[in-house]
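Participant: Next up is a structure, given as C-alpha cells.
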Amino acid sequence: MTAAAAGNHAALMDRIYRRQRYIYDFTRKYYLFGRDRLIRQLALKPGARVIEVGCGTARNLVKIARRYPGVKLYGLDASSEMLSTAARSLAQAGLSGQVKLIQAYAEALSPALFGETAPFDAVIFSYSLSMIPDWKQALRLASASLVPEGTVHIVDFGDLKGLGRPVEWALRIWLGLFHVAPREELLTTLEVASKGELVLLSGRYAFVLSGTAEQVLKNLEGPVAEGSQPPRKSES
C-alpha cells in the first residue's frame, strides 16, 4: 500500500467510525456473529503473545484478557478514532498496562511496530479481513510475524449464499455502505483445502477458522503466498 493510499484508507476509516464508535459494540453484537466462539477456542497459555489486527474498540481484547490471564496482548487498527475508544475501554477495564495499541496498517504488520523483537504466538482477524484493502498481504505478514508453531484465527463474513438471493443482495448492499467486502475467494479456498478448524455459521453468513500459520498459508498458497487468483466456483 502506498503512503497516499494508506492515508486515504485511514481517513476513510475515521470518517466511518468517528460517530459509530460510540455505539459500535452495542450494535455489532446483533450481526458480527462468531466472535465469542473464536475467543473460546483460542486455548492461550499464560505468557502467550497475541495480536488482533483491526482491534477496533478493543472489545475482543478485553474479553481475551479476562478469559486468559497472563497473556500479552497487542492491538492494531487503521482508525485513530477507534483506537481512542479502545484505549478508554481498556482503561475502564483496568487493562491499559496489559495491552499495547498502535495505529498502523495490517499490510505493514510486524512485531517491530510495537517496538518488539519477539514474534507473536497468535494473530486474530475478527471481521477485519473484509475491510483490509490488501488482505492477502495482511495474511502473509501475519504468518511472518508468528513463531513457527503460531496460530491464525479468523472470523468474518462468509459468501452469504445460504441466505437466499434477496437477502444476500440486500446484505451486500448494506455492507458496502461500510466498505465491507466478504472475501469469497478466501472462504472457497479454505473449504477446499483447510486442515485447520473451519466452521460455517448458518446460511453461510460467516465462518470461523483456527489453524497454524503453516496450514493457512499452505491452503492459500495460490492467492496469498504468490498473489494469484484461484478459479471461482461457478454458480448454477
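Participant: Between Trp169 and Thr188, how many nm apart are label points set 7 Å from Cα along the C-beta direction?
Facilitator: Roughly 2.1 nm, to one decimal.
Participant: Please give the Cα centre distance for the range 32-104 versus the range 153-187, rounded to the nearest Å.
Facilitator: First find each Cα centre; the distance between them is then 25 Å.
Participant: How much length would be gained if the chain were fully extended between Arg67 and Val199, taking 0.36 nm per residue of separation minus their Cα-Cα distance, in nm to one decimal?
Facilitator: Values: separation 132, 0.36 × 132 = 47.52 nm, distance 2.16 nm.
So the chain would gain 45.4 nm between Arg67 and Val199.
Participant: Please list, in order along the range 123-137, the HN-Hα scalar couplings obtained from phi with the Karplus expression 6.51 cos²θ - 1.76 cosθ + 1.60 (θ = phi - 60°), rounded to whole Hz, x for Gly and Pro.
Facilitator: 10, 10, 10, 10, 6, 10, 4, 6, 10, 8, x, 9, 5, 5, 5
Participant: Now a separate question. Sort 198-211, 128-141 for me by packing, meaning the mean count of neighbouring Cβ atoms within 10 Å per residue, highest on top. Don't skip to the answer; put the middle values down first.
Facilitator: On the way: 198-211: 18.9, 128-141: 20.8.
Per-residue mean Cβ counts within 10 Å order the peptides as 128-141, 198-211.
Participant: Taking the mean number of other Cβ atoms within 10 Å as a proxy for protection, how do you rank 159-167, 105-113, 66-74, 173-181 from highest to lowest?
Facilitator: Details: 159-167: 14.2, 105-113: 18.1, 66-74: 16.3, 173-181: 12.6.
Averaged packing, sorted descending, gives the order 105-113, 66-74, 159-167, 173-181.
Participant: Tell me whether the range 37-160 comes out rounded, prolate or oblate; compute the Cα gyration tensor, take square roots of the eigenvalues as a ≥ b ≥ c, and use a/c under 1.5 as the rounded threshold. Could the numbers behind the result be given before it?
Facilitator: Working: a/c = 1.26, a/b = 1.14, b/c = 1.10.
Because its axes are fairly even, with a/c under 1.5, the range 37-160 counts as rounded.
Participant: A further question follows. Taking amide hydrogens as modeled 1.01 Å from N in the peptide plane, which residues meet the under 5 Å criterion relative to Leu201, leaving out close sequence neighbours?
Facilitator: HN-HN under 5 Å from Leu201: Ala206, Phe207, Val208.
FYI, it's all coordinate maths here, none of it is from the lab. No experiment lies behind these values; they were computed from the predicted model shown. In this analysis, Cβ positions are derived from the backbone assuming ideal geometry, glycine residues included, and neighbour counts consider all displayed protein chains.
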